[in-house]
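Student: Here it is, the structure, as structure tokens.
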Amino acid sequence: MLKTENLTKRFGSVVAVDDVSIEIPEGEITGLIGPNGAGKTTLFNLITGFYTPSNGTVTYKGEDITNLAPHEISKKGVSRTFQVPKPLNQLSVTENVVVGALGEGKGRQAAMEKANDTLDRVNFQGDYSMTANSLNVGQLKRLEIAKAVATDPDLLMLDEAVAGLNPDERGKLVNVIEKLNDQGITILMVEHVMEVVMGLSNRVIVLDEGKVLTEGTPKEVQNDDEVIEVYLGT
Amino acid sequence: MVQADILSQIILYGVLTGGVYALVAMGLSLIFGVMDVVNFAHGAYLMLAMYSSYFAWQILGLDPFLSILLVAPAFFVFGVISERLIIHPIIDEPDFAQIFATVGLIWVFENFAHYFIGTDPKGIEAGYGGMSLLGVPVQEVRVYGFVIALLTALGMYLLLEKTKIGLAIRATAQDKEAAELMGMSSEVVYMVTFGLGIALVGVAGPVMASIYSTTPTVGANYVLIAFVVVVLGGLGDVFGVLWAGMLIGIVDAAVAFFYEPTLSAPVYYTIFIAVLVLRATGHLGGSDEGLLSRIANIASSNESS
Amino acid sequence: MSQKQQTSTDSIAGKITKAVGKPSGYLSLLVFLVALALPLFATNYILHILILVFITGIGAIAWNIIGGYGGQFALGNAVFYGFGAYSVALLVNNYGQSFFVALAVGIILSVLLAVLVGYPTFTLSGHYFALATIAVVEGMLYLVLFFGDFTGGAIGQSVTPASWLADLVGNRVIAFYIFFAIFGLCILISTWVRYSKLGYYLLAIREDQDAAAALGVNTTRYKIYGFALSAAMTALAGGMYAVYGTYVSPSGAFSLDLSIQYALITLIGGMGTIIGPIVGTLFMVPIQQYVTTVLGGNLGSLAYIGYGVILIVVIIYAPEGLVTRLSFVREWIDNTLPEVK
């Protein structure tokens, strides 16, 4: 579904993403892991058009999307969340999601309804008319996902969706992600919480120092000596 | 046909004036580049610095160029106090907060001058006359002003490149978080940077006051030129600003000579917008980089390839 | 359990009756009716001040669309005011065009200029847009001075509209109603924008440009739309002022002060809210009139020192403006006065 070939990003002399060629198969959940500074978020930014690659290409459904702007990529059906949620603070929960739902020529009323439905889909707990600046971490994380889901993505890219949540909330959000995947959304997730990635993913890609270290099923990755070294090593 | 001696006069006159423009723009460039704060009150500080020099001359009989030694340190302190009181509380607020706060300062400063000093233009007569430079008659004050601009640029360069605080300032401008991890307090760096930026105004003010007369609104005339110079020359790039200032000075002199002095402003605003257009369409690289250094880069990369 | 935000359960008529039934609702209606009846007992001078409130208010409402909703710090909106005013003055005076044609030209030129300035600057960081708008208004001021033979130069020129129009706006009472109506229309447009796609997109851009782009918002395009609309409304204010004031001058029209004032008024009232610019105008314009015409001269500059201090204090301690303060008043009114069924 999504393919990167020799994707590279340099910042001055630092190579943040180094010759990364990966493929995200349709319908699956792919996990993207690696230690801090491995280039995971940079890779997200390259795929979604926030950074221009120094080298390499991104192909989505057979189409070259390498140099498209973020909003164009979003319109193609690739939607992302941000590691630090970016709510529209002065607006209500519903209105936050409306921005994503207004995409395809919907009127305000239809977009409001769609926004409410999307909030139901991600199982948002709380009053939808609250302003976003009064939400707790769990609600913010759900809202962040709801905004992205409201754009009707085929590929949803989650950047640390469960970070900062307690185990109970985490479990509930995992169910939401599974449900979205069952509904046909392909998922690529950057995640630090190992039990979540390993439990959810069909396949896991490991990045280290900008390069793909290895990829495979969660089991293969967990038993890979190099991976263990990267995580446990100095 | 334009005679060669007229052309050289225009260029010489433009370079001298432009050096002074660059001197005015240096503090703005430093503050914008390091703190990402556009100090709209830059011109109002300049006006106060010009008056300071005027009163130093009128009351103490101090030569305007000597008064720099008094005004610049005083303005460093003034800058540090301003940063603490006004900029620091809103440094993390959206852009508009800084714009409004500094616009508020303009009102306070200008009307302070209006109320306590009045609108009569104040000029310094320190006994400087004319001289001949490369066969062209020029005012002495412009030549001395230009020399001071060069020395200040050199001093700023050495301060930024060769001292510890200079390193901290450059590191903070590059990446505030990383600099803090390396033990450089951005709070202190910002305080010093704003102080230095205003101290540079304290150097520019006396020079300006020796050439032009001072009124409460004199700053507005020069702050816009300073913005154009900064955008052309690059943020925090001392020599870039110097070159850009001279370029604007020459454009200024040429337009004034061949057409009309009132047209020079629209011309450099057009240059300004043109630079923005070129940047936006990706022809000139990042927005922090000066136009001139960018052209130099392109030229050198063409040479090497 | 989750509770959904009301979408369309109430009919519009039902909503209105409910809103008017509340004390803050019927008090607002009362204020509106008093305003309508004002010409019956107000002096011409008060009507004049109110007309100035309306004209400035339109500019502030327009500024709020790009500056408040969109968070883009336009500091040169006076250039559009100037385009509106000078289009009317020049086309009516020198080319015998009708007021409406002249006004339309002013609006169209303003929209074109907004696109021209917005396109290159909106892709760069926020400061450059602010600086570019200043450059445009200052540059235009010099051009108006330079082409003095055509524009009237620094002195400006008087405007002589068709006699029917001159009679209409020459009558303070009629002028009051005309400007009130157009002011009301602009409030409606601003309200509509706030709840339209454009409004949501602008708010999203203001809060976080990257997040907006990730949701499929073409940020540059919607900022240009917002700026163009803002420009058109400001040109309308300028064109109308030209016939009402029957005089245009470069220092009044292409002024950086006026541009900053639009922003200041909106800030004082509450940026990004529908009523912010309205409250700000009602509060600031009469004060400014008092300061400049009654105090004047030296005391006026003392007052401006006060303004500056207030501005800085507001920015540091109450950047959300007066409106949030006013919501306490509304709550208090709603809680103390009886409801009407």
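The values are calculated or read from the model by the stated rules, or taken from the named source; none is laboratory data. As the structure is a computational prediction, the values presented were derived from the model and not from experiment. Positions of Cβ are generated from backbone atoms using ideal geometry, with glycine treated the same way; all protein chains shown enter the neighbour counts. These accessible areas exclude ligands, DNA and RNA; they are computed on the full protein's heavy atoms, side chains included. Shrake-Rupley method; radii C 1.70, N 1.55, O 1.52, S 1.80 Å.
Student: Looking at region A:182-214, which of the residues that are in a helix (DSSP H, G or I) and open to solvent by 30 Å² or more (accessible area, probe 1.4 Å) is nearest to residue A:145 (Cα to Cα)?
Tutor: A:182
Student: Return yes when residue C:84 is crowded, with 24+ Cβ neighbours inside 10 Å and either outside any helix (DSSP H, G or I) or at pLDDT below 95 (or both) and no when it is not.
Tutor: Considered against the rule, which asks whether it is crowded, with 24+ Cβ neighbours inside 10 Å and either outside any helix (DSSP H, G or I) or at pLDDT below 95 (or both), residue C:84 comes out as no.
Student: Within region C:193-217, track down each residue that is open to solvent by 30 Å² or more (accessible area, probe 1.4 Å), not in a helix (DSSP H, G or I) and not hydroxyl-bearing (Ser, Thr, Tyr).
Tutor: Once the filter is applied, which keeps residues that are open to solvent by 30 Å² or more (accessible area, probe 1.4 Å), not in a helix (DSSP H, G or I) and not hydroxyl-bearing (Ser, Thr, Tyr), region C:193-217 yields only C:208.
Student: Mind listing just one residue for me: the one in region B:278-289 that is crowded, with 18+ Cβ neighbours inside 10 Å and at the interface with chain C (Cβ under 9 Å from one of its Cβ atoms) and, of those, modelled with the highest pLDDT?
Tutor: Step by step, filter region B:278-289, then rank; the result is B:279.
Student: Another question about this same structure. Filter region A:23-40 for residues that are under 20 Å from residue A:177 (Cβ atoms) and crowded, with 18+ Cβ neighbours inside 10 Å; which is farthest from the chain's Cα centre (by Cα)?
Tutor: A:34
Student: List the helices (runs of 4 or more DSSP H) inside region B:132-217, counting only whole elements, that have at least 3 residues being under 30 Å from residue B:116 (Cα atoms).
Tutor: B:140-162, B:186-211
Student: One residue is enough: does region A:79-96 have a residue meeting the conditions farther than 27 Å from residue A:45 by Cα, in contact with a strand residue (DSSP E or B) (Cβ under 9 Å, 6 or more places away or on another chain) and surrounded by fewer than 24 Cβ atoms within 10 Å (Cβ to Cβ)?
Tutor: yes
Student: Only one of A:149, A:193, A:122, A:176 is more than 14 Å from chain C (Cβ to nearest Cβ) and aliphatic (A, V, I, L, M); which?
Tutor: A:193
Student: Here's something else I'd like to know. Give C:272, C:252, C:245, C:216 a once-over and let me know the one that is closer than 30 Å to residue A:48 by Cβ, more than 14 Å from the chain's Cα centre (by Cα) and at pLDDT below 95.
Tutor: Step by step, each of C:272, C:252, C:245, C:216 is checked, and only C:216 is closer than 30 Å to residue A:48 by Cβ, more than 14 Å from the chain's Cα centre (by Cα) and at pLDDT below 95.
Student: With the requirement that a residue be surrounded by fewer than 20 Cβ atoms within 10 Å (Cβ to Cβ) and outside any helix (DSSP H, G or I), what does region B:42-85 give you?
Tutor: Once the filter is applied, which keeps residues that are surrounded by fewer than 20 Cβ atoms within 10 Å (Cβ to Cβ) and outside any helix (DSSP H, G or I), region B:42-85 yields B:61, B:63.
Student: Give me the pairs: first residue in region B:30-47 and without any contact (Cβ under 8 Å) to a residue 24 or more places away in the chain and closer than 12 Å to residue B:109 by Cα, second residue hydroxyl-bearing (Ser, Thr, Tyr) and buried (at least 24 other Cβ atoms within 10 Å of the Cβ), beta-carbon distance under 7 Å, and six or more apart or on different chains, which are they?
Tutor: From region B:30-47, no pairs qualify.
Student: Next question, about the same structure. Take region A:128-139 and flag every residue that is within 12 Å of another protein chain (Cβ to nearest Cβ) and buried (at least 18 other Cβ atoms within 10 Å of the Cβ).
Tutor: A:128, A:132, A:139, listed by residue number.
Conditions tested, residue by residue: (1) in a helix (DSSP H, G or I); (2) within 27 Å of residue A:95 (Cβ to Cβ); (3) modelled with pLDDT under 80.
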| site | (1), (2), (3) |
| --- | --- |
| C:10 | no, yes, yes |
| C:13 | yes, yes, yes |
| C:19 | yes, yes, yes |
| C:26 | yes, no, yes |
| C:30 | yes, no, no |
| C:50 | yes, no, no |
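Student: Condition first: more than 30 Å from residue B:94 (Cα to Cα) and surrounded by fewer than 20 Cβ atoms within 10 Å (Cβ to Cβ). Can you find one or more residues in region C:134-143 that meet it?
Tutor: There is at least one residue in region C:134-143 that is more than 30 Å from residue B:94 (Cα to Cα) and surrounded by fewer than 20 Cβ atoms within 10 Å (Cβ to Cβ).
Student: Same structure, new question: Return the pair list, or none, for Cβ contacts closer than 6 Å from residues in region A:119-139 that are over 16 Å from residue A:86 (Cβ atoms) to residues that are of a type in the set (S, T, N, Q), at least 6 apart or on different chains.
Tutor: Going by the 6 Å Cβ cut-off, the qualifying pairs are A:126/A:139; A:127/C:3; A:128/A:94; A:128/C:5; A:129/A:92; A:129/C:5.
Student: Inspect region C:224-232 for any residue being more than 29 Å from residue C:276 (Cβ to Cβ), within 14 Å of chain B (Cβ to nearest Cβ) and either part of a helix (DSSP H, G or I) or in contact (Cβ under 8 Å) with a residue 60 or more places away in the chain (or both) and give the result as yes or no.
Tutor: No, that holds for no residue.
Yes/no matrix, rows are residues, columns are (1) at pLDDT below 90; (2) charged (D, E, K, R):
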site	(1), (2)
B:42	no, no
B:67	no, no
B:71	no, no
B:74	no, no
B:80	no, no
B:87	no, no
B:93	yes, yes
B:104	yes, no
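Student: If you scan region A:53-83, which residues turn out to be part of a helix (DSSP H, G or I), facing chain C (nearest Cβ under 9 Å) and over 15 Å from the mean Cα position of the chain (by Cα)?
Tutor: Of everything in region A:53-83, those that are part of a helix (DSSP H, G or I), facing chain C (nearest Cβ under 9 Å) and over 15 Å from the mean Cα position of the chain (by Cα) turn out to be A:71, A:72, A:75.
Student: Select from region A:107-119 the residues that are open to solvent by 20 Å² or more (accessible area, probe 1.4 Å) and closer than 22 Å to residue A:183 by Cα and write down the one among them that is nearest to the other protein chains (Cβ to nearest Cβ).
Tutor: Here the answer is A:113.
Student: Here's another thing I want to ask about it. Taking region C:303-319 only, how many residues are modelled with pLDDT under 80 and either more than 12 Å from chain B (Cβ to nearest Cβ) or surrounded by 15 or more Cβ atoms within 10 Å (Cβ to Cβ) (or both)?
Tutor: Qualifying residue count, region C:303-319: 4.
Student: Would you point out which residue out of C:112, C:131 is within 21 Å of residue C:255 (Cα to Cα) and surrounded by fewer than 17 Cβ atoms within 10 Å (Cβ to Cβ)?
Tutor: C:112
Student: Among the residues of region B:241-260, count how many are of a type in the set (A, V, I, L, M, F, W, C) and open to solvent by less than 20 Å² (accessible area, probe 1.4 Å).
Tutor: Qualifying residue count, region B:241-260: 6.
Student: Could I ask something else about it? Among the numbered conditions (1) within 27 Å of residue C:299 (Cα to Cα); (2) open to solvent by 60 Å² or more (accessible area, probe 1.4 Å); (3) not acidic (Asp, Glu), tell me where residue B:104 comes up short.
Tutor: (2)
Student: With the requirement that a residue be among the β-branched types (Val, Ile, Thr) and over 25 Å from residue B:227 (Cβ atoms), what does region B:165-213 give you?
Tutor: Listed by number, the residues that qualify are B:165, B:188.
Student: Among the listed residues C:190, C:251, identify the single one that is assigned to a helix (DSSP H, G or I), more than 14 Å from chain A (Cβ to nearest Cβ), of a type in the set (S, T, N, Q) and open to solvent by less than 50 Å² (accessible area, probe 1.4 Å).
Tutor: Within the list C:190, C:251, the selection yields C:190.
Student: If I filter region B:113-145 down to residues being surrounded by 15 or more Cβ atoms within 10 Å (Cβ to Cβ) and without any contact (Cβ under 8 Å) to a residue 60 or more places away in the chain, which single residue comes out as farthest from the other protein chains (Cβ to nearest Cβ)?
Tutor: Only one residue fits best here, namely B:140.
Student: Moving on. Could you please let me know if residue B:226 is at pLDDT 85 or above, part of a helix (DSSP H, G or I), surrounded by fewer than 22 Cβ atoms within 10 Å (Cβ to Cβ) and not acidic (Asp, Glu)?
Tutor: Answer is no for this residue.
Student: Contact list please: Cβ distance under 6 Å, first residue in region C:272-296 and within 27 Å of residue C:202 (Cα to Cα) and part of a loop (DSSP other than H, G, I, E, B), second residue of a type in the set (A, V, I, L, M, F, W, C) and open to solvent by less than 30 Å² (accessible area, probe 1.4 Å), pairs at least six apart or on different chains.
Tutor: Close Cβ pairs satisfying both conditions: C:273/C:323.
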